[in-house]
Amino acid sequence: MTTLNTQSPTAPGRVAARGRRQSHIVADSITMLRRNLLHIVRYPGLTIFVIGAPVVFLLLFVFVFGGTLGAGLPGVDPAGGREAYLAYVMPGILVMTIAGTAGGAATTVAMDMTEGITARFRTMAISRAAVLTGHVLGNTIQAFLAVAVVLGVALLVGFRPSAGPGEWLAAVGLIALIAFAISWVAIGMGMQAKSVETASNQPLLFLLLPFIGSGFVPTESMPGWLQGFAQYQPFTPFIETTRGLLLGTPLGWYPPFAIGWCIVLAIGGYVWSVAIYERKSVR
């Protein structure tokens, strides 16, 4: 009796083709990443602003407001208020540094859209996913560089984290997740913006949220009607998890919420960005 072969004879071919497509996407993503890194080097103004603004906030809040705000923290000796506030505010400044890179990502994407560069990419044999991924990876690397510089300034002015190697590794991983997630949302903002100016203004929301969270003052000090939003919006879990890893404060429920928010923002930003790209590709 003849046994029928139920497996499609073209299955190995399909697997090989899928592998070629995946390697093609990876290669294109690396090419687009290289392009975005070169863009950062050639136009350092955005990078300087991304690094300079958090440094100014750090010095302003520590040396101008730190003595008073630090003395109001629970269990802090008023005589050491400035040092205590530096330790308290630093995680918020680091997360704000990551958030600040969103403006540069949105602006760069909007420039590519308005100048016709993205339209040119659509006519070339370049993976559509790679075009967006290159922007995201480039912005994530820029966020790492900015965080490193801001952290270096903080160490110079007296910030002394108590984290061990494991906590530092976890903090680096969290920073990568936050930067990756925010970058995807920023790409969507840049793609749907009608102009470069609009694209540069929309991500300012990310800079506002650390203030309406635990970045600069405890959420318990806020009015009751605001505490619920301040406690559960994305940036409070980001900041409190970073604070716990670097300074040993209780982590509680913050790490799973921080990771969950990263997943939600990354997936939402990815779906939004791809949908806009696909819609504009058929025009």
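Every number here is computed from the coordinates shown, using simple stated rules; none is lab data. Because the structure is a prediction, the values reported are computed rather than measured. Note that each Cβ is placed from the backbone with ideal geometry, even for glycine, and that neighbours are counted across all protein chains shown.
Per-structure values
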read-out: Single condition S214 does not satisfy, out of (1) among the small types (G, A, S); (2) under 15 Å from L94 (Cα atoms); (3) part of a helix (DSSP H, G or I); (4) in contact (Cβ under 8 Å) with a residue 60 or more places away in the chain; value: (3)
read-out: Unique residue being aliphatic (A, V, I, L, M), without any contact (Cβ under 8 Å) to a residue 60 or more places away in the chain and either in a helix (DSSP H, G or I) or more than 26 Å from A106 (Cα to Cα) (or both) when the list is L226, L265, L207, L245; value: L226
read-out: Breaking point among (1) touching a residue at least 60 places away in the same chain (Cβ under 8 Å); (2) touching a Ser or Thr at 6+ places or on another chain (Cβ under 7 Å); (3) under 19 Å from A266 (Cα atoms), for A176; value: (1)
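Condition check ((1) crowded, with 19+ Cβ neighbours inside 10 Å; (2) part of a helix (DSSP H, G or I); (3) touching a helix residue (DSSP H, G or I) at 6+ places or on another chain (Cβ under 7 Å)) across all residues:
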{"position": "A146", "(1), (2), (3)": "yes, yes, yes"}
{"position": "F159", "(1), (2), (3)": "yes, no, yes"}
{"position": "A181", "(1), (2), (3)": "yes, yes, yes"}
{"position": "Q231", "(1), (2), (3)": "no, yes, yes"}
